[in-house]
1. For E121, E683, E349, give the ranking by accessible area with the largest first, probe 1.4 Å.
2. At a 1.4 Å probe, what is the % contribution of carbon and sulfur to the accessible area of the chain?
3. Along its three principal axes, how long is the range 417-565 when you only count alpha carbons? Whole Å, largest extent first please.
4. Probe 1.4 Å, all protein chains in place: accessible area of K516 in Å², nearest 10?
5. At a probe radius of 1.4 Å, what is the per-residue accessible area of Y319, in Å² to the nearest 10?
6. Considering the options N643, S623, S672, tell which one lies farthest towards the positive end of the dipole of the range 582-677, charges being +1 on Lys and Arg and -1 on Asp and Glu at the Cβ, about the Cα centre.
7. Relative to 2.2 N^0.38 Å, what does the C-alpha radius of gyration of the range 273-412 come to as a ratio? Two decimals please.
8. State log₁₀ I(q)/I(0) for the range 271-321 at q = 0.13, 0.21, 0.23, 0.25 Å⁻¹ as given by the Debye formula over alpha-carbon point scatterers of equal weight, solvent excluded.
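The values are calculated or read from the model by the stated rules, or taken from the named source; none is laboratory data. These numbers were taken from a predicted model, which means no experiment stands behind them. All Cβ positions, glycine included, derive from the backbone under ideal geometry; neighbour counts span all protein chains shown. Surface areas here come from the heavy atoms of the whole protein model, side chains and all, with no ligands, DNA or RNA. Shrake-Rupley method; radii C 1.70, N 1.55, O 1.52, S 1.80 Å.
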Amino acid sequence: MGCAVIYVDEKRGRFHLQGRGYSYCLQLDEEGRLLNLHWGGRIPDADLSQLLSFYWEGASFDLRYGRLPLELPTPGAGYYGTGALSAVNPNGDSILCLQYKGYTLTAGKPALPGLPASYVESPDEAQTLTLLLEDELLGLRVRLMYTVFANYDVLARSMAVENAGKAPLELTCMLSASVPLYGCDYDLLHLKGGWGRERAPQRVPLNQAISRVESRRGASGHEQNPFLAVLEKSATEFQGRVWGQTLVYSGSFLAEAAVNNFGHTRLSIGLHPDMCHWRLAPGESFQTPEALLVYSDQGLNGMSQAFHALIRQRVCRGYWRDRQRPVLINNWEGTYFDFTEEKLLAIAEKARDIGVELFVLDDGWFGKRNTDTCSLGDWVVNLDKLPGGIRGLSEKMHGLGLLFGLWFEPEMVSPDSDLYRAHPDWCLHAKDRVRTQARHQLILDLSRQDVQDYVIQAVASVLERDGVDYVKWDMNRNMTEPFSALLPAEGQLETQHRYMLGLYRVLETLTARFPKVLFESCSGGGGRFDCGLLYYMPQTWTSDDTDANERLQIQYGTSIVYPPAAMGAHVSAVPNHQTGRIASFQMRGNVALAGNFGFELDLTALPQQELDQAKEQVLAIKSLRDTLQKGVFTRLESPFEGNFAAWQFLSQDGADLLFCAYQRLVQPNPLSHRIRLRGLEPEACYRTEDGQSYSGGRLMEVGLPIPLPKEDFSSYILRLHRS
Ligand code: DGJ
């Protein structure tokens, strides 16, 4: 475990989770309640008792309970904030009095039943502490699970709730983490957005109020991301204390930063309590999703780099996790629904000529789907468009030396489909209510096993038969009437979470059955960009907005939590289809290289000069792929704050650096502008491809001037190698 370790002091009732760069200190009080004394910078495992006294400063006795830094706050006995756990019992009250009963400390990290979660590959990578708490009156047992990783600055936290009593209970709130922080002089940071403008960082001062970000949509959503951080007011991208949390989950969620009247802050995250109640019969258990907590004293970049490393290596899984991702071409913006096999092959030939490795056929290949009004659910090829079927097309693509990928939207059904006509009760709906359509479609009820099995079989039969190497798994609307025909009235509020468990079962089954297929998730662009889906699909389509200038912001904001290797980024045509803006081919390529690179345009319509540029871009990407996918990504200059954006990728061994700077609008008589690089060895010498050399110290302290042309939306890329 190296320098990460969990200390247990049974006598004093203390648990000190000491990660590489943080300490998370728990203490039992004299009544067996679990308190959190410190989450922040690493401290020695000395006597921690002094910490508790900080919370008592000036407290009068009757306010004592509200002032306690509870690790698992529950309602009913003087705690007035959002409880981390609440349950209605047969008496009708919702009082929970949880007392510590014991602990276990194990090497490694157990999987969470039915849910995605961070993982280890060998037991020496982590230690897991499980604390058992119990409400003896109800027979309710709670297991809090904490994992400290040897190689990652992330603490994983989740909770399992067991009904060991004799009567059924209804869980009404089950958060994954709820952590008190001393003081409240902080800013709050979250990622806001909408379709086409996902994950823009928003930083606001915290005040004595509850600040919430949430989704009730049955998807993590475009509007907010399951992420929330608090920062010292002086914290920047490079320095200062930051506490961040994200959730390994893809459905409705709640994240909160609440400041109480004692001037302390509570950070929490988990299932949205309004969208998930759960009946717990005697003998049954409920497992929450996992929260990932990061403390950084290296500002926002420090927090992001900790998330990136864990997400890339211990949330993403499988064959493609560490492999170089193929450069792809997707036909969506090139043809939309209007394609023939001939047209696709003509694009594919051009793609092959410029070095593309994967052809992806997007929406419109099945049923009668020439518009978005029909056929979802009928995953049978349209032979008018593709006379040789999917198999015929994939053979031709393989013949060209390309991998072949296919779009699905498996969670959906069009009312105009054979599937809906055969099974009108298979969609989410409420009895006797209108079934609200969005994009002319309804959502299949994946809380039902028969529907899950249908989806597995429908996708698997195409993958088995037709030689598909990649799947784009789309999901283009959020839930309305999120209820199920199979659940009783009192279980209807379970539907959304049962749906997610069903979706995860479908994905687990398909990814296990087709381990070499590369899955990429998508939801109207980046409407479901979260760690839950990254566990099954190591890359996500970042946004339907492919405009290079917009993408600077979207990719910059996405990188607050997610690594570049998780983001799909494509060069598309100009004028851009979403904004009408024109950016040079070079700019479009230089923005797209900071993700899983691809094209999304009709290559047969490109002039030779741009095809040549495209070929060069592909060549460059291939030679940089390891650094781009596995290197340390650092944000240098924010497109939200000025006219420039800049970031760098530093290879794992520190020998290769790619510096990328972008200018949005040309300014007359511009101010001189230098950007300082980060993380280099001051004494080492770094050489550019044209033979210039700089010391690391100079690059970091003096910085690089940016020779940008007099052209709106221009870019500058510099490759440096340590000699
Ligand atoms: C939404 C996706 O984000 C697009 O890339 C495309 O796949 C369309 N759906 C197809 O309907």
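1. Working: E121 110, E683 170, E349 90 Å².
Accessible-area ranking of E121, E683, E349, largest first: E683, E121, E349.
2. Values: 13240 of 26440 Å².
It is 50 percent, rounded to a whole number.
3. Sorted from largest, the Cα extents of the range 417-565 read 47, 35, 27 Å.
4. 130
5. 80
6. S672
7. Numbers: Rg = 21.7 Å, N = 140, 2.2 N^0.38 = 14.4 Å.
Ratio of Cα Rg to 2.2 N^0.38 Å: 1.51.
8. Values returned for q = 0.13, 0.21, 0.23, 0.25 Å⁻¹ are -0.58, -0.85, -0.89, -0.95.
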